[in-house]
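For reference, the structure is listed below as structure tokens.
The values are calculated or read from the model by the stated rules, or taken from the named source; none is laboratory data. Everything quoted here is computed from the prediction, not taken from an experiment. Note that each Cβ is placed from the backbone with ideal geometry, even for glycine, and that neighbours are counted across all protein chains shown. These area figures cover heavy atoms from the full protein model, side chains too; ligands, DNA and RNA do not enter into them. Shrake-Rupley method; radii C 1.70, N 1.55, O 1.52, S 1.80 Å.
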Amino acid sequence: MTIDQLLIANRGEIASRIIRTCRKMGIQSIAVFSEADRSALFVEEADLAINIGGNAPAESYLSKEKIIEAAKHCGAKAIHPGYGFLSEDASFARLCQEAGLIFIGPNPEAIEVMGTKSRAKTLMEKHGVPTIPGYQGSDQRPEKLIQEAKKIGFPVLLKASAGGGGKGMRVVNSEKNLEKAIEAARREALAAFGNEELIIEKYIAFGRHIEFQIFGDQHGNTVHLFERECTIQRRYQKVVEESPSPVMTDALRQKMASAALKAAGALNYDNAGTVEFILDEQNQSFYFLEVNTRLQVEHPVTEEITGLDLVQMQIESAQGLPLRIKQEDIQTNGYAFECRLYAEDPVNDFLPVAGEVFHFEWPEVEGLRMETSVRSGSSVSVFYDPMIAKIIMWAESRAIAHQKMQYVLKNLTCLGLTTNQDFLLALLENPDFQKGVYDTHFIETRMNLKQLAKKEEQYLNLA
């Protein structure tokens, strides 16, 4: 089926991003929006926009019935879920198929298997993908979990089997704290995902988070589009991404890419996906974490170094078209960074902030790509993720891209609410970050947030 009308079951900058590719491909874009997003930029950008209800996600962007009804009403041929919301919901993908709509994403079976960490890990082990030593059994009695944790050796990481985003996660450094940590992780997992099942893994204290973009079609072809370094995180949420990874060697890249393609093969993967690994830099060992069965927030980094349009590739693959590129055709060029500009207060434990953006402006710099659906006068709602923009910078080398990104952050203006702009700039000015020397605990251990607060206080006094 040829797609000539596409409904976007998402909001904000990713909706704007998909609209741009639809326009390039000659596809009519249809946005859905909540009451809170009535005046949003992405609503204006779409060829057609449909109001689907209340402010809360459950009343709008998470309402499968409303979204499918809207698609049928306007004659859409396909639904693109973006990321977040319904993008990794296998039941939604099946509902789309039952309604005669093309779901822009992988087959529902792949989504379903990867939706449970224990099943995902078992499948990867079966197909020779390196996995972290641990326990993902069905016996979830507390005494069994304690026994397995002791067998693995401390520190261990408790993880909600059905979850993500840091919910239901606990690092346990000794047996003394284990029982309480299990209880707390279970409560959190049950509240967030309706499933209290835990898996236990050996905790790699000084790891790097490296992911490989994979892509498949419905004809059995799969490729990888190289790596992204996503190690800089706070509370398991990514803050800065870059590609290539500053620690990647040709030999390591080849090994990790091979493992990523094995993961794709195990799932009969047929669209955009990301295989995430943890790299133990001390011994160059790497282990499978998960497969994100959707487009990633940080996909522009890969687009910038490969010159490919991943959304266009998604749409073509979903139509049943074979991949137009082979592995040997995919080359990288230059270096790219992405910084996520959030409405949040880094000094106050990164708590989200809501309110109006009075003025939003950024400098024109060669290689700069701004992904945003916010403009002067926009509101950041309490109902949704507080990301304002993704700032993407491409240049010939890491050093030049880094320098240009610093320039943008110094000269970007976002007035009206607290943001993490100064924090991002302080991070990029850190000498260790500039050298590419960091791990997943970099923000907690190497960033002086008190000093940042002092700078902000001095700035306010001067004002």
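Label separation (Gln237 vs Asp329): 3.9 nm, computed from points 7 Å beyond Cα along the C-beta direction. A cut-off under 13 angstrom between Cβ atoms defines the neighbours of Leu145, and their net charge, with Lys, Arg +1 and Asp, Glu -1, is -1. Within the straight-line cut-off of under 12 Å between alpha carbons, the aspartates and glutamates reachable from Lys151 are Glu175, Glu201, sequence neighbours fewer than 8 places apart in one chain being disregarded. Using DSSP to call loops (not H, G, I, E or B), can you name the GluC sites (Glu not before Pro) in region 326-386 whose Cβ has at most 11 other Cβ atoms within 10 angstrom? Within region 326-386, the qualifying GluC sites (Glu not before Pro) (loop, at most 11 other Cβ atoms within 10 Å) are Glu364, Glu366. Each label point was placed 7 Å from the Cα along the Cα-to-Cβ direction; for Ala184 and Glu35 their separation is 3.8 nm.
From largest to smallest, the equivalent ellipsoid semi-axes obtained for region 10-71 from the alpha-carbon gyration tensor read 20, 12, 9 Å. Got a sec? Charge dipole of the chain, +1 on Cβ for Lys and Arg, -1 for Asp and Glu; which of Ser174, Leu95, Ser29 is way out at the positive end? Among Ser174, Leu95, Ser29, the one farthest towards the positive end of the dipole of the chain is Ser174. Distances between placed amide hydrogens fall under 5 Å for Thr231 paired with His209, all partners being 5 or more residues away or on another chain. Since only Gln312, Tyr407, Ala257 are under comparison, the one whose Cα sits farthest along the positive direction of the charge dipole of the chain, derived from C-beta charges on Lys, Arg, Asp and Glu, is Ala257.
In debye to the nearest 20, how big a dipole does region 295-379 give about its Cα centre with +1 on each Lys and Arg Cβ and -1 on each Asp and Glu Cβ? Spell out each step's value before the answer.
Details: 5 positive and 16 negative charges, 53 e Å.
I would put it at about 260 debye.
Site pair Asn195 and Leu321 shows an inter-label distance of 3.5 nm when each label is modelled 7 Å from Cα along Cα→Cβ. When the charge dipole of region 186-251 is built from unit charges on Cβ atoms (+1 for Lys and Arg, -1 for Asp and Glu) and taken about the Cα centre, the candidate among Pro246, Gly220, Ala191 whose Cα reaches farthest toward its positive end is Ala191.
Candidate cross-link partners of Lys326 among the lysines, defined by an alpha-carbon separation under 19 Å and a same-chain spacing of 8 or more, comprise Lys255, Lys262.
Return the carbon/sulfur percentage of the accessible area of the chain, one whole number, probe 1.4 Å, all protein chains in place. Could the numbers behind the result be given before it?
Details: 9530 of 19550 Å².
Whole-percent figure for carbon plus sulfur exposure: 49.
Across the cross-link table entries Lys202/Lys390; Lys121/Lys176; Lys238/Lys435, which are compared at the Cα atoms, the separations over 23 Å belong to Lys202/Lys390; Lys121/Lys176.
At a probe radius of 1.4 angstrom, the accessible area of the chain per residue rounds to 42 square angstrom.
Placing +1 on each Lys and Arg Cβ and -1 on each Asp and Glu Cβ, with no other charges, gives region 123-201 a dipole about its Cα centre of roughly 120 debye. Taking a straight line from the alpha carbon of Lys72, these lysines sit under 22 Å away, with near neighbours fewer than eight places off in the same chain left out: Lys64. Remark on Ser378: its backbone amide H falls under 5 Å from those of Val357, a criterion applied only to residues 5 or more positions apart or on other chains, H modelled at 1.01 Å from N. Give, as a single signed number, the net charge of other residues whose beta carbon lies under 14 Å from the beta carbon of Gly128, with Lys and Arg counted +1 and Asp and Glu -1. So the surrounding residues net to +3.
P(r) tail for the chain, what percent of Cα pairs lie past 43 Å? It works out to 11 percent of all Cα pairs. A cut-off under 11 angstrom between Cβ atoms defines the neighbours of His299, and their net charge, with Lys, Arg +1 and Asp, Glu -1, is -4.
Computed about its Cα centre, the charge dipole of the chain is approximately 740 debye, with only Lys, Arg, Asp and Glu carrying charge at their Cβ. Here the 3J(HN,Hα) profile of region 217-224, calculated from phi with Karplus coefficients 6.51, -1.76 and 1.60 at θ = phi - 60°, is 10, 8, 10, x, 8, 9, 9, 10 Hz, Gly and Pro shown as x. Per-peptide packing, taken as the mean over residues of other Cβ atoms within 10 Å, places 13-20, 301-308, 56-63 in the sequence 13-20, 301-308, 56-63 from highest down.
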